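So the structure is just underneath, and the comments pick up after that.
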Amino acid sequence: MKTPPGRARYPEDEKRLTWLPLLLEIQHLTDQGVAAAIQADGRRLACARGCAACCRSHVDIPVYPLELMGIAWFARERLDGDTRAIVQRQLLAHRDLGGCPFLVNEACAIHPLRPMACRQFNVFNSVCAVGEDAYHTRRGDVMRPDCKSKDQALREMLRHHGVHDGRERRRLVESGEVHRLAQSLRQIRWENLAAHMAAAT
Ligand code: SF4
Ligand code: SF4
């Protein structure tokens, strides 16, 4: 079985940012589910570093508030050098970009903190063509998420919203109501993050 990456650790930041450990746990759960789904499928995964057609072709990537906090923190405090400058520029111009503002040199600049949806979108057999969204062109090649891990991650995320009752968390996930919390990545006002990054430089 493909070993899922271990849980990311940022000890100092996790002490300071009380929401960060929960986010890192959720991401770890998601990654474990992805590894299990790839294993269960058995086909060759086409996704690899440097392959990024999906970061341009996907226009509706859901991002939940806790994920947004993680992305903003990582961009403000962890990006540096040319990558930081490029991301800042792209955040300001994101409405005309035709792709995700975090895509730099065909790689995700916020890879450790990328949203669950990006973690879960994986394609088998062959890499996507330019402009292709495999979900629409060859859905059979798109990895089926491990529903158990996916739902567990969403249930855990609801703790961030003050929902601690297990039955209620289950209901919100099973009914799909949890998705109302998400915004579409392309619709977020990334100019604000660019301004915060400039102020923190
Ligand atoms: S989803 Fe398609 S474009 Fe994205 S990394 Fe996988 S093969 Fe490449
Ligand atoms: S957040 Fe990263 S992985 Fe997701 S679309 Fe943007 S560049 Fe691609």
Once Lys and Arg are counted +1 and Asp and Glu -1 for all other residues with Cβ under 12 Å from that of Arg186, the total becomes +1
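Could you please report the charge total around Asp151, scoring K, R as +1 and D, E as -1 over all other residues with beta-carbon less than 11 angstrom from its beta-carbon?
Taking every Cβ under 11 Å from that of Asp151, the sum is +2.
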How much FRET efficiency would the formula 1/(1 + (r/R0)^6) give for Asp60 and His164, where r is the Cβ-Cβ distance and R0 is 35 Å, rounded to 0.05? 0.70
Restricting to Cα pairs under 8 Å and 6 or more apart, the percent relative contact order of the chain works out to 33
Could you work out how much longer the chain between His179 and Gln39 gets when fully extended? Use 0.36 nm per residue separation minus the Cα distance between them, nm to one decimal. 47.7 nm
Scoring only Lys, Arg, Asp and Glu (+1, +1, -1, -1) among other residues with Cβ under 10 Å from the Cβ of Met197 yields +1
In nm, to one decimal, how far is the Arg9 label point from the Arg138 one, both placed 7 Å along Cα→Cβ? 4.0
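Only the coordinates and a few stated rules stand behind these numbers; no lab work does. Just so it is clear, the model here is predicted, and its values are computed rather than measured. Every residue, glycine among them, receives a Cβ derived from its backbone with ideal geometry; neighbour counts consider all protein chains shown.
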